[in-house]
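The values are calculated or read from the model by the stated rules, or taken from the named source; none is laboratory data. As the structure is a prediction and not an experimental result, all values here were calculated from the model. Neighbour counts are summed over all protein chains in view; Cβ atoms, including those assigned to glycine, are modelled from backbone coordinates with ideal geometry.
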Amino acid sequence: MNLSVVANTCLTVNSADKSIYYLTLSAPENSSESFSYEAGDWLTVQPENSPEMVSGILEELALTGDEAIELRRAGLVTSQQALQKHLELTQLNPAILNKLQRQMGLGDWAGRQAMMDYAFGRDILDLLALYPDLKKLGLEFLNFLSPLSPRYYSIASAPVNAAEVSILYKAVQYKTNQRMRYGVASSMLQNCKQNEVLQVELKSNPTFKLPANSETPIIMVGAGTGLAPYIGFMQSREQSVLSGELAGEALLFFGETYQKTNCLFCDEFKRWQAQRLVDCYYAFSRDQADKIYVQHHIVEQAEKVWALINSGAHFYICGSQTQLAESVKQTMLALFQSHGSMSVEDAQEFWLALKREKRLQMDVY
């Protein structure tokens, strides 16, 4: 579907370490487009590669951009169209290395893990620089590339205003090997102006939903843009209360780097806290000599967390799989042992039981 940009606001204008944006979309004027979603769902964006990246690949392969190529999903397109709209350039898929090893004898990777390690942080220009012989393939090289996949973003709103949907996104940019790298979707979104039209889809996320009963307690844990679904959760809870329903206790454990510049949606959460809809515990890791993370506050509030879990609370984690999610899991396993008098094995089983009962829900990446 095509949705129009209502606002694209940088929330961290004075931040030294990151740029995080709040993007709101709606159906364009005079459009018959209608859509529905729930808090916790995803919005996918179909990105396009930057002109600079496309030009760089064309130059390395000695192509003009007008050559015709048949792509499985797109049909007959020019090499320039293929590189801009249909092929993955900013990420190096390990499957490409596997094909190059099998078909051309390139590389000495011992297995899939070695290929994944090698591909991490590299892009297609890096691959051509490392293996110059690939440039001789010209147009044929494009057949090795992966399709350009949609990027998934957790929706950062609730359908209170059914005509709008919002996301949080971080502008991905970093420097490696003397070259700046940019996220294909985030750099495209960063340049979006009001009324610009984007190709997006709404995707249901059945494993990250508010409890059916608004009185069920919830514990929300997130860091950075992992705050996104909880904005939607709180908007939904606020709407439920305005409709005369009762809301169960809610805790938010949120982590960022600096309070002064990176306290995302803090004013809104202060308002919800004043309405007694949520209790917030913030961990700003760089504001003091000793780094403080969300798991430290979970430990501090262990009695409250354990009491809510015992009373049927749903527990949510949104953020990095390797950093946030794993750290929080280990903290919770220790909490089950200390406050639930469980053995290591029982704590593991309890964690799995919460997952099976859908009281533990994760949206991690």
Residue pairs, Cβ under 7 Å, 6 or more apart or interchain, first in the stretch 161-180 and within 22 Å of Ala16 (Cα to Cα), second loosely packed, with under 12 Cβ neighbours inside 10 Å. List them. Gln173/Met180
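I'd like to verify a number: residues in the stretch 237-253 that are assigned to a loop (DSSP other than H, G, I, E, B) and without any contact (Cβ under 8 Å) to a residue 12 or more places away in the chain, how many? Give the derivation first.
Going residue by residue through the stretch 237-253, those that are assigned to a loop (DSSP other than H, G, I, E, B) are 243-249.
Checking which are without any contact (Cβ under 8 Å) to a residue 12 or more places away in the chain leaves us with 243-244.
Residues meeting the conditions: 2.
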Give the number of residues within the stretch 13-61 that are of a type in the set (Phe, Trp, Tyr) and more than 21 Å from Asp363 (Cα to Cα). 1
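When you look at Leu63, is it of a type outside the set (Ser, Thr, Tyr), touching a helix residue (DSSP H, G or I) at 6+ places or on another chain (Cβ under 8 Å) and either at pLDDT 95 or above or under 30 Å from His314 (Cα atoms) (or both), yes or no?
Numbers: of a type outside the set (Ser, Thr, Tyr): yes; touching a helix residue (DSSP H, G or I) at 6+ places or on another chain (Cβ under 8 Å): yes; either at pLDDT 95 or above or under 30 Å from His314 (Cα atoms) (or both): yes.
Answer is yes for this residue.
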For the stretch 1-51, the count of residues that are at positive phi and among the polar types (S, T, N, Q) equals 1
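Only one residue in Glu48, Glu38, Glu60, Glu29 is within 15 Å of Leu148 (Cα to Cα) and either in the same structural domain as Ser157 (by TED's automatic domain parsing) or in contact with a Lys or Arg (Cβ under 6 Å, 6 or more places away or on another chain) (or both), so which one is that?
Values: Glu38 fails: within 15 Å of Leu148 (Cα to Cα); Glu60 fails: within 15 Å of Leu148 (Cα to Cα); Glu29 fails: within 15 Å of Leu148 (Cα to Cα).
It is Glu48.
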Output for the stretch 294-322, where each listed residue is more than 26 Å from Ser214 (Cβ to Cβ) and without any contact (Cβ under 8 Å) to a residue 60 or more places away in the chain: Gln295, His296, Val299, Glu300, Gln321, Thr322
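Limited to the stretch 26-52, what total is found for residues that are touching a residue at least 24 places away in the same chain (Cβ under 8 Å), in a loop (DSSP other than H, G, I, E, B) and not aliphatic (A, V, I, L, M)?
Pass one, the stretch 26-52, residues touching a residue at least 24 places away in the same chain (Cβ under 8 Å): 26-29, 31, 33, 35-51.
Right, trim to in a loop (DSSP other than H, G, I, E, B) and you get 27-29, 31, 33, 35-41, 46-50.
Subset that is not aliphatic (A, V, I, L, M): 28-29, 31, 33, 35-38, 40-41, 46-50.
The number of residues fulfilling the criteria is 15.
Which of the strands (runs of 3 or more DSSP E) contained wholly in the stretch 122-236 include at least 3 residues that are within 30 Å of Glu268 (Cβ to Cβ) and of a type outside the set (D, E, K, R)? It would help to see each step written out before you state the result.
Values: elements: 151-154, 164-170, 173-176, 179-182, 197-203, 218-223.
Once the strands (runs of 3 or more DSSP E) in the stretch 122-236 are filtered for at least 3 residues that are within 30 Å of Glu268 (Cβ to Cβ) and of a type outside the set (D, E, K, R), what remains is 151-154, 164-170, 197-203, 218-223.
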Between Gly121, Gly183, which is under 24 Å from Thr225 (Cβ atoms) and surrounded by 14 or more Cβ atoms within 10 Å (Cβ to Cβ)? Gly183
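Which residue is nearest to Ala62 (Cα to Cα), if the candidates are limited to the stretch 74-94 and must be part of a helix (DSSP H, G or I) and not small (Gly, Ala, Ser)? Steps first, answer last, please.
Residues of the stretch 74-94 part of a helix (DSSP H, G or I): 79-86, 94.
With not small (Gly, Ala, Ser) added as a condition, the list becomes 80-81, 83-86, 94.
Values: Gln80: 12, Gln81: 16, Leu83: 14, Gln84: 16, Lys85: 19, His86: 19, Pro94: 25 Å.
That would be Gln80.
Please state which one of Ile96, Ile69 is in contact (Cβ under 8 Å) with a residue 40 or more places away in the chain and either outside the structural domain of Leu134 (by TED's automatic domain parsing) or in contact with a Phe, Trp or Tyr (Cβ under 6 Å, 6 or more places away or on another chain) (or both). Please lay out each step first, then the result.
On the way: Ile69 fails: either outside the structural domain of Leu134 (by TED's automatic domain parsing) or in contact with a Phe, Trp or Tyr (Cβ under 6 Å, 6 or more places away or on another chain) (or both).
It is Ile96.
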Which residue is nearest to Met180 (Cα to Cα), if the candidates are limited to the stretch 56-85 and must be more than 32 Å from the chain's Cα centre (by Cα) and crowded, with 19+ Cβ neighbours inside 10 Å? Leu61
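Report, by residue number, each residue of the stretch 100-121 that is assigned to a helix (DSSP H, G or I) and of a type outside the set (Ser, Thr, Tyr). Steps first, answer last, please.
Taking the stretch 100-121 as the starting set, the residues that turn out to be assigned to a helix (DSSP H, G or I) are 100-104, 112-119.
Of everything in the stretch 100-121, those that are assigned to a helix (DSSP H, G or I) and of a type outside the set (Ser, Thr, Tyr) turn out to be Leu100, Gln101, Arg102, Gln103, Met104, Arg112, Gln113, Ala114, Met115, Met116, Asp117, Ala119.
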